[in-house]
Amino acid sequence: MKILAISQRVERIAKHQEQRDCLDQRWAYLSHNLGFIPVPLPNLSAPEDIISTVRPAAILLSGGGTLTKLDPTATDTSPVRDKFEEELLRLAIKNNIPVLGVCRGMQLINMFFGGGLSKVSEHVACRHPVEFIDQNISLNSREVNSFHNWGIKKSQLADTLSPFAISQDKTIEGFKHKELPVAGIMWHPEREQPNNEEDLRIIKNLLL
């Protein structure tokens with residue numbers, strides 16, 4: 001089986017004076033359903049070593065936490081993670097490794113390519129309809145989960161990215177790079193149990 005390298009969120013545990021890298025266990029189920037072996041990536045790793053030693057078939061930038069550039073005062077930021085994921089994305093592009101960003105990962109990709117974000121409402125801990133405007137990605141507009149308070153308006157999407165899914169308020173819910181094997185979705189496919197067959201098909205389309 002091929003390796004899917006997955007980045008992790010950072011959790012600060014004051015009681016134990018620890019800073020932990022964390023990954024939802026449901027990513028393991030989803031990875032196996034996609035035909036991958038999941039390999040969580042420590043944020044203090046060297047991205048160069050991961051690319052050369054682990055040799056992932058694809059990379060997933062996971063969700064959770066706020067990008068430091070969006071709100072430096074937020075309690076769930078991690079400059080270390082930001083730097084790690086940005087360098088990992090840069091090296092993935094250099095080595096032609098497919099990358100999928102989920103929620104925060106999608107936000108990071110858009111900012112990496114020069115796009116922007118803004119605060120959104122009614123996108124936290126809820127479900128809402130998504131329209132797929134690129135029929136090569138999906139024919140089925142449907143309801144998805146939503147756990148983000150920063151979104152991407154059409155005017156904020158990086159020039160090199162093309163939207164394939166939008167929400168009712170016209171914020172971007174999915175995009176892909178116009179030339180590179182890089183894409184993002186704003187909902188969390190790992191939180192759909194059992195894993196949504198349409199999500200599995202979409203992710204395979206984007207990563208394989």
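The values are calculated or read from the model by the stated rules, or taken from the named source; none is laboratory data. Since this is a predicted model, take the numbers as computed values, not measurements. Every residue, glycine among them, receives a Cβ derived from its backbone with ideal geometry; neighbour counts consider all protein chains shown. Keep in mind that these areas ignore ligands, DNA and RNA; they rest on the heavy atoms of the full protein, side chains included. Shrake-Rupley method; radii C 1.70, N 1.55, O 1.52, S 1.80 Å.
Quick look at the values:
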quantity: For residue 15: the one exception among (1) basic (Lys, Arg); (2) farther than 25 Å from residue 203 by Cβ; (3) touching a strand residue (DSSP E or B) at 6+ places or on another chain (Cβ under 9 Å); (4) in a helix (DSSP H, G or I); calculated: (3)
quantity: Odd one out for residue 180, checked against (1) closer than 24 Å to residue 193 by Cα; (2) in contact (Cβ under 8 Å) with a residue 12 or more places away in the chain; (3) open to solvent by 40 Å² or more (accessible area, probe 1.4 Å); calculated: (1)
quantity: Meets criteria (open to solvent by 50 Å² or more (accessible area, probe 1.4 Å), under 17 Å from residue 163 (Cβ atoms) and either of a type in the set (S, T, N, Q) or touching a strand residue (DSSP E or B) at 6+ places or on another chain (Cβ under 6 Å) (or both)) for residue 143; calculated: no
quantity: Residue tally, condition touching a residue at least 40 places away in the same chain (Cβ under 8 Å) and either within 18 Å of residue 205 (Cα to Cα) or in a strand (DSSP E or B) (or both), over the range 162-171; calculated: 1
quantity: Residue in the range 192-199 that is within 18 Å of the chain's Cα centre (by Cα), over 24 Å from residue 88 (Cβ atoms), of a type outside the set (Asp, Glu) and surrounded by fewer than 17 Cβ atoms within 10 Å (Cβ to Cβ) present; calculated: no
quantity: Residue match in the range 40-53 (condition: outside any helix (DSSP H, G or I), among the β-branched types (Val, Ile, Thr) and either under 19 Å from the mean Cα position of the chain (by Cα) or surrounded by fewer than 18 Cβ atoms within 10 Å (Cβ to Cβ) (or both)); calculated: no
quantity: Pair list, Cβ under 6 Å, 6 or more apart: the range 108-135 residue under 13 Å from residue 167 (Cβ atoms), other residue acidic (Asp, Glu); calculated: 127/143; 129/143; 130/173
quantity: Test result for residue 190, acidic (Asp, Glu) and either in contact with a His (Cβ under 9 Å, 6 or more places away or on another chain) or free of Cβ contacts under 8 Å to residues at least 40 places away in the same chain (or both); calculated: no
quantity: Residue satisfying condition, being within 20 Å of residue 89 (Cα to Cα), aromatic (Phe, Trp, Tyr) and open to solvent by less than 10 Å² (accessible area, probe 1.4 Å), within set 164, 175; calculated: 175
quantity: Selected residue (only one of 146, 141, 155 is of a type in the set (Gly, Ala, Ser), more than 27 Å from residue 25 (Cα to Cα) and touching a residue at least 12 places away in the same chain (Cβ under 8 Å)); calculated: 141
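Results for (1) open to solvent by less than 10 Å² (accessible area, probe 1.4 Å); (2) farther than 13 Å from residue 177 by Cα, shown as yes or no for each residue.
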| site | (1), (2) |
| --- | --- |
| 96 | no, no |
| 99 | yes, no |
| 104 | yes, yes |
| 115 | no, no |
| 132 | no, yes |
